[in-house]
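The values are calculated or read from the model by the stated rules, or taken from the named source; none is laboratory data. Please read all numbers here as calculations on a predicted model, not as lab measurements. Note that each Cβ is placed from the backbone with ideal geometry, even for glycine, and that neighbours are counted across all protein chains shown. The accessibility values were calculated without ligands, DNA or RNA, using every heavy atom of the protein model including side chains. Shrake-Rupley method; radii C 1.70, N 1.55, O 1.52, S 1.80 Å.
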Amino acid sequence: MARFIRALFWIAFAAIALRAESLSDVLARMDQSARGLRTFSAKMKRTEYTKVLPNDKDESEGLRLVKRANGQTVGIVQFFGKNPHTIRFAGKTVEDYFPEAKLVQVYDAGKFGKMGKQVDQLLLIGIGVPSADLRRDFDITISGTETIGGKLTTRLELIPKDKDLKKHAEKIELWIPEGESIPLQSKVTLTSGNYDQVNYSDVQVNPSLPDSAFDLKLPPDVKRVQVK
């Protein structure tokens, strides 16, 4: 009986291994999706883990929107909960708006090293980004398969090449469903052992979204700070 059970295990293992996708297959689908992406929307669930507090995980809900027009990508990410804030991406500029503080922090997204501590931006890698850009900034490998939300996914592991970014971020992981191109889950693990994870649901590719959905709704007395 034990030998029979072991045989079943290895048959199942082999079946999963045969279904594992190659890196080139996954990146090719991501490239195809990036070329055809005009708009994107999804609900988000974010989990923030702090290593020194192993039983402490902060969870919050959010919304992500992406639009491409005239060769430029614009994105809005809203995080709700006890520390609400909205991030807007436009070209190489990132604005992070904290409504309770009436504060907007402005970053240069072209400087990964300068953004090392900004986990929010790193969590959003993988949607509408060509593989050439990913390969330029990261060493990419497949680190296994995993079932998430009933879907078999391929887990990509991205190791930063930038020496400044590597001081803060150990790796980024993306879980891509079989035959699809949009991550169901992304995770940033910091060198401190802390991690941030985002799970997507209600994913819509090329929905109809008004231009106003990509504007920050700022009060007149908001303070803007350029982060160098």
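A few remarks follow.
- Which numbered condition Ser186 misses (of (1) open to solvent by 60 Å² or more (accessible area, probe 1.4 Å); (2) under 21 Å from Lys45 (Cβ atoms)): (1)
- Taken over region 85-107, residues that are among the acidic types (Asp, Glu) and open to solvent by 30 Å² or more (accessible area, probe 1.4 Å) amount to 1.
Conditions tested, residue by residue: (1) out of contact with any Leu (no Cβ under 7 Å at 6 or more places or on another chain); (2) at pLDDT below 90; (3) farther than 20 Å from Tyr200 by Cβ.
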position	(1), (2), (3)
Asp58	yes, yes, no
Leu65	no, no, no
Val77	no, no, no
Thr86	no, no, no
Gly126	no, yes, no
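- Positions within region 21-45 being closer than 19 Å to Pro177 by Cα and open to solvent by less than 30 Å² (accessible area, probe 1.4 Å), in sequence order: Val26, Leu27, Met30, Ser33, Ala34, Leu37, Phe40, Ser41, Ala42, Met44
- So Ala7, is it part of a helix (DSSP H, G or I), at pLDDT below 90, open to solvent by less than 20 Å² (accessible area, probe 1.4 Å) and within 30 Å of Gly179 (Cβ to Cβ): no
- Only one entry of Ser201, Ser212, Ser143, Ser208 meets the criterion of being within 15 Å of Glu21 (Cβ to Cβ), loosely packed, with under 14 Cβ neighbours inside 10 Å and at pLDDT 90 or above, and that entry is Ser143.
- In the set (1) modelled with pLDDT of 90 or more; (2) within 24 Å of Arg35 (Cβ to Cβ), Gly110 fails one condition alone, (1).
- Residue match in region 73-84 (condition: open to solvent by 30 Å² or more (accessible area, probe 1.4 Å) and under 16 Å from the mean Cα position of the chain (by Cα)): yes
- Residues being assigned to a strand (DSSP E or B) and open to solvent by less than 50 Å² (accessible area, probe 1.4 Å) - total across region 147-183: 17
- When Ser186, Ser208, Ser201 are screened for being assigned to a loop (DSSP other than H, G, I, E, B) and polar (S, T, N, Q), only Ser208 passes.
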